[in-house]
Each structure stands twice: as C-alpha cells, then as structure tokens.
Amino acid sequence: MWDLTTGTLIDNPITGHIDGMEAVTCSTVGGHPVAVTTGGGDKTMRVWDLETRTTVSAPTGHTEGVLAVACTPVDGHPVAVTTGGDDETMRMWDLATGTPVGNLLTGHQLGVVAVACTTVDGRPIALAVTGSNELKVWDLTTRTPVGNRILLGHTGRVVAVACTTLNGRAVAISAGYDRKVRVWDLATGTPVGNLLTGHQLGVVAVACTTVDGRPVAVTTGGFHDKTVRVWDLATGAPVGEPMTGHTGGVQAVACTTVDGRSVAVTGGDDKTVRVWDLADRAPTGDPMRGHTHKVQAVACTTVDGRSVAVTGGDDKTVRMWDLAGRREAARFALPGGVNALAITPGGGLIAAFNREIVYLELTDAHGGVGWQ
C-alpha cells in the first residue's frame, strides 16, 4: 500500500508464496473479504484476510502447479475450486477452515488450465477447461460430472471462459486459439446456436454484458488480430463490424456502464486503454495513454457513484481511470508486472504481481477517485 501524496510505502506487500502466482480471485468468509491465490511453483492455494492482510490458510494437496481458482457457495459454505494443471485434478476447499471438501475431481486429459463457477437449476457447478481442448461440467454438491458431460468442439487450446444467463438458462461462452467462440447450455451440455466466427487469430479474452436489454459477449483478438467483437447471444450473430483501433493484440476486456450506456474497456499490446460504446460499436473518445508497456489486465467497478476502470500491465503499474472524465485518476508502482486484477465484494482492489498481491481500498479522495 502506498501513500499517493508522499509516494512512500505504507505497508509491505502481502507475501507467502515461494514461487510465482498463477491466479487470484475474491470471496467473503464470515463477512470478511478474502483473496484466494494459487501458486505455480509452490503448488499451494492461499487464503488472505484483506482487512488484516494476513494468511488465513495455505492448504496443500496438488502435486503440480495450481493454475486457476474460482469461488462459489456450496450448501451455504464458501468454497474454492482449484485446478492442478498437469496433475489432471480439481480440488474443492472450505474457505472457512482451509480443509479439502470431498474427493478429488479427476478424469481430465492433459491437465486443467482454467475453471469458472455458476449455478444451473439452483445447483452450483464448475466448468473445467482442459489441456485437451475440452470443457467438463461438475456438480459441486455431489462432486460428480454432470452426466459425464464433456463439451467438445474446440480444436485449439481454450484460454477464456465466461458465464451468463440466456433466455433464463445458464450458459458458458468459451474461446481460444482455434479462433472460435462457442456458447454452451450448461444444463444440457449442448452447443447453443452456431459457432461465433470472425476472429483471424486466437481469441484471448471474453466478457458478458447487456446492451439495450439483449445479452451480448465481447471478445478480443490476441497476437495480430487487434479487433474487439460484439456478439448477440440470442441469435449468435455478430453485432455490426469488428471494432478496430488497437495496433496490437487486445489482451483484456471488462464491461461496465458509463452515463447509462454499456461500454467495454480494453487493454492491449499497444500500451493503450480504450473505451467502446457497445450500442454504437464505436470508440468513445481517444485512447487513454499512460502505460509504457503492454496492458495485461482490466477490471471495472464504481467508486462513490463514479464508473472507473483499473488496468495493470508489464510496466509494473496499476492505473485507475475516471471513465466519465476520460482521464487517469491515480496510479501506483509495483516491483513486477501486473498479471491479474480483481474487485472484491466490498469494492476493494486486488492486484497480483510476481509472487505477491496488494490490496487497495478504492475511494473518492481529494475531489477525485483514488485509493488508500
């Protein structure tokens, strides 16, 4: 934590992992905000109390690096679901006690690289993305596969997944290096509509929102694709032409509302942060500049009624942007490049870098949004 007036360190970074972290997410345990992080080299998951900035628990069990984590309630208890990469397992953990819940979730080929949680027909489920380009659905109450359901179809690695609701049903949107975006009915395990095609190279990020009352997905192209695309999830059709402007791969996307209009905020290899009006499918103003290297992560939230975006990247900074005023509102420097950002249930910010995390309270200070 940094004093933005003096530029001095207020508190030390939260440390504990003995090797690089792979993922971070946020939850609440007993009314207290917590962060859950996973270690690639130390094979652990750690739970951190964000109010005291101390370790709550550091359970072990995976035999390989822990690549991903997602949190959800199961039977009224907050749990974390972790993926062990090459050990081809997922594990469930009680966040209040740090103890494992039930048996291993096994049967994944070539490891598990990502996980997302949602609810289907009132039951919590996890969607596991495997290294063999499959998506497997698990019932977290029974800890069994949902009808041995494996969602097959991607021909390249799946690197992004998001969950939303379509026509009252829980769906997942997956994307990856095969340039395809797919929509899945999570209750039946079947594809919804046609493939969403158009990206010229791998799709690296996906976010969901609503535009004029219609559910949409926003996807970004990595590498040299450079485009942002909007898809009508009800029809499976692209909404207008691809949105262009980034001069390099678009690595991150998040959605929010500014002055009552749905927008997407993207960050990319060209060091810029851009805001797109999703109804008009056009950029809102000039790109926001300040980062000196690639932008790798974006998160959106509201601070005292103001819509803000927080971005992080390889220049070892986290920057906050006032989206209505289209200006950089605050920044701070870190010892390493920022890999992931998350907004806590209480409105705080978690930034993951190197082997450490930093927690910041977002505030409206000195006449503008900032942190303390």
Being at pLDDT below 90 and open to solvent by 10 Å² or more (accessible area, probe 1.4 Å) is the filter here, so list the residues in region 303-323 that pass it. 304, 305, 306
In region 336-369, what count of residues is obtained for those that are at pLDDT below 85 and more than 26 Å from residue 29 (Cα to Cα)? 6
Filter result for the condition that a residue is more than 30 Å from residue 122 (Cβ to Cβ), assigned to a strand (DSSP E or B) and open to solvent by less than 20 Å² (accessible area, probe 1.4 Å), over 175, 217, 252: 252
Among (1) within 16 Å of the chain's Cα centre (by Cα); (2) open to solvent by less than 20 Å² (accessible area, probe 1.4 Å), where does residue 74 come up short? (1)
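Take the conditions under 16 Å from residue 342 (Cα atoms) and of a type outside the set (A, V, I, L, M, F, W, C) and apply them to residue 38. Does it pass? Can you show your working first?
On the way: under 16 Å from residue 342 (Cα atoms): yes; of a type outside the set (A, V, I, L, M, F, W, C): yes.
Judged against the criteria, residue 38 is a match.
Report yes if residue 139 is touching a residue at least 12 places away in the same chain (Cβ under 8 Å), open to solvent by less than 50 Å² (accessible area, probe 1.4 Å) and under 29 Å from residue 250 (Cα atoms), otherwise no.
On the way: touching a residue at least 12 places away in the same chain (Cβ under 8 Å): yes; open to solvent by less than 50 Å² (accessible area, probe 1.4 Å): yes; under 29 Å from residue 250 (Cα atoms): no.
No, not satisfied.
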Would a scan of region 11-21 turn up a residue that is open to solvent by 20 Å² or more (accessible area, probe 1.4 Å), in contact with a Phe, Trp or Tyr (Cβ under 8 Å, 6 or more places away or on another chain), assigned to a strand (DSSP E or B) and not acidic (Asp, Glu)? no
Residues that are at pLDDT below 75, β-branched (Val, Ile, Thr), more than 14 Å from residue 184 (Cα to Cα) and assigned to a strand (DSSP E or B), drawn from region 98-157: 112, 113, 130
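The values are calculated or read from the model by the stated rules, or taken from the named source; none is laboratory data. What you are looking at is a predicted structure, and each value in this text was computed from that prediction instead of being measured. Cβ sites come from the backbone with ideal geometry, for glycine too, and all protein chains shown count toward neighbours. Heads up: the accessible areas ignore ligands, DNA and RNA and are worked out on the full protein's heavy atoms, side chains in. Shrake-Rupley method; radii C 1.70, N 1.55, O 1.52, S 1.80 Å.
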